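These notes are about the structure you will find just below.
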Amino acid sequence: MIIRFKRYWHVSFIGILVLGILILSFNQQTESQNTEKTYNIDAVHSSVLFRAKHMGVAYNYGRFNEFAGNIVLDDTDVSKSKVEFEVKSASVDTANAKRDQHLRSSDFFSVKQFPVITFKSTNVRGKAEEENMIEVTGELNLHGVKKSITIDVEITGKKTVPQAGEVIGFHTIFDIKRSEYGFNFGMEGVNDDIQIIISVEAAHE
């Protein structure tokens, strides 16, 4: 009876050991295959700016103070990456209260009717000829108008810090025509071409 018990224990131990190795191998394989990382945008260390030319003479700048989003980045296959971004239109800020109130009205952003501006990527690809650059195509939904746009995005840096984990930076500058999104008020005073500047810091913990 004792000999049988020892043999049974020996077989059970080997079985558990083999099962453990298989589970560990499966977990390692799964982790190696999952190369996507999600980075949440840190609004405190990010900026969403715009530039408009007034009377064809001087550039005026503004910003949006409230926004959020995330970036899914795949280091081995950038085409699997994704971007989602949302801006609260009522947070427009040009350092002039009267002008900001006008921008929130139906003449411009119509913030009550269109409270958010959104961007959602549909395609991401690398730019082989330019290091740390990616090309992002997506749907920009602004003022009730949805249009597909393609922008170049620079990865400006990446590091791990104790207080935030892994952080990464992105920067892009692109132009839109405001008339294409229904902003037709005051065309004689403010040019049609609007430049958008976005600098983002995002963290993966």
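No value in this document is a laboratory result; all are computed from the given coordinates. As the structure is a prediction and not an experimental result, all values here were calculated from the model. In this analysis, Cβ positions are derived from the backbone assuming ideal geometry, glycine residues included, and neighbour counts consider all displayed protein chains.
Values as computed for the structure displayed
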| quantity | calculated |
| --- | --- |
| P(r) of the stretch 116-205 over all Cα-Cα pairs, binned every 5 Å from zero, in whole percent | 3, 12, 17, 20, 17, 13, 9, 5, 3, 1, 0 |
| Förster radius 22 Å - calculated FRET efficiency between ASN70 and LYS112 (Cβ-Cβ, nearest 0.05) | 0.25 |
| Pairwise label distance in nanometres, VAL161 with ASN96, each label 7 Å out on the Cα-Cβ vector | 3.5 nm |
| Ranked VAL167, VAL44, VAL153, VAL78, criterion: other C-beta atoms within 10 Å, fewest first | VAL44, VAL78, VAL167, VAL153 |
| Net charge of neighbours whose Cβ lies under 14 Å from the Cβ of ILE194, counting Lys and Arg as +1 and Asp and Glu as -1 | +2 |
| For the stretch 48-117, diffusion coefficient by Stokes-Einstein and Kirkwood Rh (Cα), 20 °C, 1.002 mPa s, µm²/s | 153 µm²/s |
| Cα-based equivalent ellipsoid, the stretch 54-205: semi-axes from gyration tensor eigenvalues, Å | 30, 17, 15 |
